[in-house]
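Peer 1: The structure's right below; bear with me while I get my questions together.
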Amino acid sequence: MLRFLARRMGQAIAVLLLVSLIMFVFLHAMPGGLVRAQLGPRATRAAVRQLTRLEGLTKPLPVQYGIWLWNLVHGNLGFSYRQNSSVAKLLIEYFPRTLILGGVSFLLTIILAIPLGVFQGSRAQLKLDYAITGGLVALYSLPTFLKGAILILVFSIELQFFPDTAENYGRNFGTDVSVLILPILTLTFGSLAFFSRYIRSSVIDNLGADYVRTARAKGVGEVRLLVRHVLRNSLLPFVSQIGIALPLIVSGTLIIEFLFDFPGLGLLYWDAQQTRTYPIMLGIVLLLSVLVVAGNLLADLAYAVLDPRIRYG
Amino acid sequence: MADASVGVQTIGWARWRKWRQDIGVFVSNRAALVSLAFLVLIILFCYVGPLIYRTNQTTATLLNASLPPSSQFPLGTDPEGFDVLGRLMVGGQSTLEVAFAVAVISTAFGALIGALAGYIGGAVDSFLMRLVDTMLAIPFLFLAVLIAVLLSPTLPIVALAIAAVSWPSTARIVRSEALTIRTRDYVTAATGFGSWHLQLVGRHILPNTIGSIVVNATLKLATAILLFSAVSFLGLGPPPPATSWGAMATVGVQHLYDNNWWLLWPAAAAIGLTVIAVTLVGDGLYDVAARLSRDAK
């Protein structure tokens, strides 16, 4: 287990270093370079020269990367002159809201996907299974923003249950739950098909296994068989699948936050993209990548804890 | 075998028979067949349609803004006065072209990386796979937007940006297949005959993974349409007056409250139905590929 842990941690660190290296290359590949990106095209030559020296841009590139990485590890992600705020401070302000959006949606997806997938798997090839699969495929085949638009059309324009915008979210933290409902539902619909399809095929595979025949032979009831035996074994590969689905959910927040004016990292990213504020864009991408890598690592560790075959394999 | 030419003929005949069997497997999947027909219709609609149904798609006519469907405009007009039916054709062209380019580029690149990693193994494999992990760790939509914005978002660049975030999954699949293929006897034999590494990858590894590569490319086509729509929604689609299905649906979303259904639903249906059709064709091809790999064993 320790060896597995060490190897997996090593991989995660290597991936994070590669992410930072790619971001560093982007930082220097951007039009006009780092200084122009911060000061804008109309900065005076003196200002450019001063900031160039200030940022240590006269040093050799590997040294610059080292300094940049050192700063990164210490939470110094650069400064946005446009917002007159450090990038780290902006991230700390916007991140919790995205975390709530993504986290609640993620939990909801799992809560919905497991029973749905098990139900479908146990009734595979029947009409109801086809109907549910059809519905999920339809959901899967529409871009996220259209799913959101349809929800807005039904729940805020026709029924007027929930507001169509979340722009005021976070003003009075915790009380404004109703603005969260449509964004969370949209995000959940996006990943539901991915998860339930996976559980469905996993359940079908397991139902054909020898242990199921044995359990049936000794008289285990159908429900107990599904919950106690099949579900447990089907969930194992599902745990590692969670890590793969994380980028899907995180990418979904970009679209949803833009659609609903939800003041999270996605909207901050979109604004930064409009004004070409690269330090913010890179900071957000870095933060989200760390999140995905950490999530992947946790999922793999959970997998190894649950399944001894992985640990010693 | 007495005569060499007879042997060649038999091989040709066997190939033809096998080819027909493969087509038979695909045709027996009704959904895949219908989807393929639908895709052909969509392509005809987008490329032949504008030759028959001529509309002005370059200059806005604000006098005709947001008209409901009528005999003159079968699907109405958008807020800039463009005919929506004609616009679906033009928007479809850019959407299909970007999706096709993404599928080809990302599949080719991913397959090459995967085949090299799986075939060479060792440190090269570790490095390439960490690169794949890295690309999968950076949320793809954020990365695609970053690349597009850094390099100025023109249509080819947007296609390249989407391809840049789409290749890693292909690389993973092809690598795992290459790992098993390189232990096969014919690869050992080819090595014994003195084949170069690149020759081996090109002649034996890649052709033997072609089944899963084609299936994967089809699915890439579907995700590329969705990703391009998402990018269009974020304002990085083709610059006006050019458009895409995603950009058209975005106009519909912006006018949700005006009840102008013809702005939203035709474009949404075009995206959704095309993605479903491509996915079902991919399923049909998967059946064929599964059969191919069964035969190979």
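The values are calculated or read from the model by the stated rules, or taken from the named source; none is laboratory data. Everything numeric here is computed off the predicted structure, so don't read it as measured data. Using ideal geometry, Cβ is built from the backbone for each residue, glycine included, and neighbour counts are taken over all protein chains shown. Just so you know, the surface numbers come from the protein's heavy atoms only, side chains and all, with ligands and any DNA or RNA stripped out. Shrake-Rupley method; radii C 1.70, N 1.55, O 1.52, S 1.80 Å.
Peer 1: In peptide A:105-113, what is the residue-averaged number of other protein chain Cβ atoms found within 10 Å of each Cβ?
Peer 2: 0
Peer 1: Starting from the Cα gyration tensor of the protein assembly as shown, take the square roots of the eigenvalues, sort them a ≥ b ≥ c, and report rounded, prolate or oblate (rounded when a/c is under 1.5, otherwise prolate if a/b is larger than b/c, else oblate).
Peer 2: rounded
Peer 1: Under the classification rounded if a/c is under 1.5, otherwise prolate if a/b is larger than b/c and oblate if not, where does region B:195-236 fall, given a ≥ b ≥ c as square roots of the Cα gyration tensor eigenvalues?
Peer 2: The shape class here is oblate.
Peer 1: In addition: According to a simple spin-label model (label point 7 Å from Cα along Cα-to-Cβ), what is the distance in nm between B:LEU273 and A:ASN71?
Peer 2: Output for this residue pair reads 5.4 nm.
Peer 1: Let me ask something else about it. Are there trypsin sites (Lys or Arg not before Pro) in region B:16-67 that DSSP puts in a loop and that have at most 14 other Cβ atoms within 10 Å, and which ones?
Peer 2: Qualifying residues, ordered by number: B:ARG54.
Peer 1: What FRET efficiency, computed as 1/(1 + (r/R0)^6) with R0 = 25 Å and r the Cβ-Cβ distance, is obtained for B:ARG203 and B:TRP16, rounded to the nearest 0.05?
Peer 2: 0.65
Peer 1: Kindly identify chain A as rounded, prolate or oblate by the Cα gyration tensor criterion: order the square roots of the eigenvalues as a ≥ b ≥ c, call it rounded if a/c is under 1.5, otherwise compare a/b with b/c, prolate if a/b is larger, else oblate.
Peer 2: Taking the square roots of the gyration eigenvalues as a ≥ b ≥ c, chain A is oblate.
Peer 1: Using the Cα centre of chain A as origin and beta-carbon charges of +1 (Lys, Arg) and -1 (Asp, Glu), tell me which of A:LEU286, A:GLN273, A:ILE255 is placed farthest towards the positive end of the dipole.
Peer 2: The Cα lying farthest towards the positive end belongs to A:LEU286.
Peer 1: In addition: How big is the A-B contact in terms of buried accessible area, both chains counted, 1.4 Å probe, rounded to the nearest 100 Å²?
Peer 2: Between A and B, the summed buried area is about 3700 Å².
Peer 1: Need the per-residue list for region A:258-288: every residue with at least 10 Å² less accessible surface in the complex of protein chains than in the chain by itself, probe 1.4 Å, sorted by number.
Peer 2: A:PHE258, A:LEU259, A:TYR269, A:TRP270, A:GLN273, A:ARG276, A:TYR278, A:MET281, A:LEU282, A:VAL285, A:LEU288
Peer 1: Using a probe of 1.4 angstrom, how much of the accessible area of region B:42-101 is carbon and sulfur, in percent?
Peer 2: Ligands and nucleic acids excluded, carbon and sulfur give 68 percent.
Peer 1: Would you mind counting up the charge near A:GLY243? Only other residues with Cβ under 12 Å from its Cβ, with Lys and Arg at +1 and Asp and Glu at -1.
Peer 2: Summing Lys/Arg as +1 and Asp/Glu as -1 gives -1.
Peer 1: Hey, what did chain B get for relative contact order, percent, Cα under 8 Å, at least 6 apart?
Peer 2: Once divided by the residue count of chain B, the mean separation gives 25 percent.
Peer 1: Counting only other chains, and only Cβ atoms inside 10 Å, what mean value do you get across the residues of B:226-234?
Peer 2: Whole-number average of other-chain Cβ neighbours for B:226-234 is 5.
Peer 1: Of the listed pairs A:LYS89/B:LYS220; A:LYS59/A:LYS89; B:LYS18/B:LYS220, which have alpha-carbon separations greater than 30 Å here?
Peer 2: Listed pairs above 30 Å: A:LYS89/B:LYS220.
Peer 1: Applying a 10 Å radius around every beta-carbon, put A:101-112, B:205-216 in order of their mean neighbour count, most first.
Peer 2: Peptide ranking by packing, descending: B:205-216, A:101-112.
Peer 1: Mind checking which of A:GLY102, B:LEU155, B:ALA289 is farthest towards the positive end of the protein assembly as shown's charge dipole, using Cβ charges of +1 (Lys, Arg) and -1 (Asp, Glu) about the Cα centre?
Peer 2: The residue sitting most towards the positive pole is B:ALA289.
Peer 1: Between region A:224-295 and region B:182-219, what is the separation of their alpha carbon centroids in Å?
Peer 2: 36 Å
Peer 1: Averaged over B:274-282, how many beta carbons belonging to a partner chain fall within 10 Å of each residue's beta carbon?
Peer 2: 2
Peer 1: Work out the FRET efficiency for B:TYR47 and A:LYS218 from their Cβ-Cβ distance, taking R0 = 51 Å, and round it to the nearest 0.05.
Peer 2: 0.20
Peer 1: Determine the relative contact order of region A:70-220: mean sequence separation of Cα pairs under 8 Å and six or more apart, normalised by residue count, in whole percent.
Peer 2: Once normalised by length, the contact order is 32 percent.
Peer 1: What are the ³J(HN,Hα) couplings of region A:140-149, residue after residue, when phi is run through the Karplus curve with 6.51, -1.76, 1.60 and θ = phi - 60°? Round to Hz, x for glycine and proline.
Peer 2: 5, 8, 9, x, 3, 5, 6, 4, x, 5
Peer 1: Once amide H atoms are built 1.01 Å from N in the peptide plane, which residues 5 or more positions from A:SER85, or in another chain, come under 5 Å H to H?
Peer 2: Those qualifying (amide H under 5 Å, at least 5 residues apart or on another chain) are A:SER80.
Peer 1: Ok, one more. Compare A:LYS127, A:LYS147 by solvent-accessible area with a 1.4 Å probe and give them largest first, with all protein chains kept in place.
Peer 2: My answer, sorted largest first, is A:LYS127, A:LYS147.
Peer 1: A follow-up question, please. Would you list B:TRP19, A:TRP70, B:TRP265 from the most to the least accessible area, probe 1.4 Å?
Peer 2: Ranked list, largest accessible area first: A:TRP70, B:TRP19, B:TRP265.
Peer 1: Here is a follow-up. If Lys and Arg each add +1 and Asp and Glu each add -1, what is the summed charge of the other residues whose beta carbon sits under 13 Å from the beta carbon of B:PRO68?
Peer 2: -3
Peer 1: Let me ask something else. By average Cβ neighbour count within 10 Å, what is the ranking of B:34-40, A:218-224 from highest down?
Peer 2: Ranking the peptides B:34-40, A:218-224 by packing returns B:34-40, A:218-224.
Peer 1: Sorted by accessible area (1.4 Å probe), largest first, how do B:MET89, B:MET135 line up?
Peer 2: Highest to lowest solvent-accessible surface, that is B:MET135, B:MET89.
Peer 1: While we're here: Under unit Cβ charges (Lys, Arg +1; Asp, Glu -1), what dipole magnitude, rounded to 20 debye, does the protein assembly as shown have relative to its Cα centre?
Peer 2: Dipole magnitude for the protein assembly as shown comes out near 1680 debye.
Peer 1: Normalised by the residues of chain A, what does the relative contact order come to in percent, with Cα pairs under 8 Å and at least six apart?
Peer 2: Dividing the mean separation by the residue count of chain A yields 26 percent.
Peer 1: Would you please name the trypsin sites (Lys or Arg not before Pro) within region B:183-260 that are DSSP coil residues with at most 16 other C-beta atoms within 10 Å of their C-beta?
Peer 2: Those that pass, being in a loop and sparsely packed, are B:ARG184.
Peer 1: In region B:48-120, what chymotrypsin sites (Phe, Trp or Tyr not before Pro) fall in a loop by DSSP, with at most 16 other Cβ atoms inside 10 Å?
Peer 2: Within region B:48-120, the qualifying chymotrypsin sites (Phe, Trp or Tyr not before Pro) (loop, at most 16 other Cβ atoms within 10 Å) are B:TYR53.
Peer 1: In addition: If packing is taken as the mean number of other Cβ atoms within 10 Å per residue, what is the order of A:79-89, A:247-257, highest first?
Peer 2: A:247-257, A:79-89
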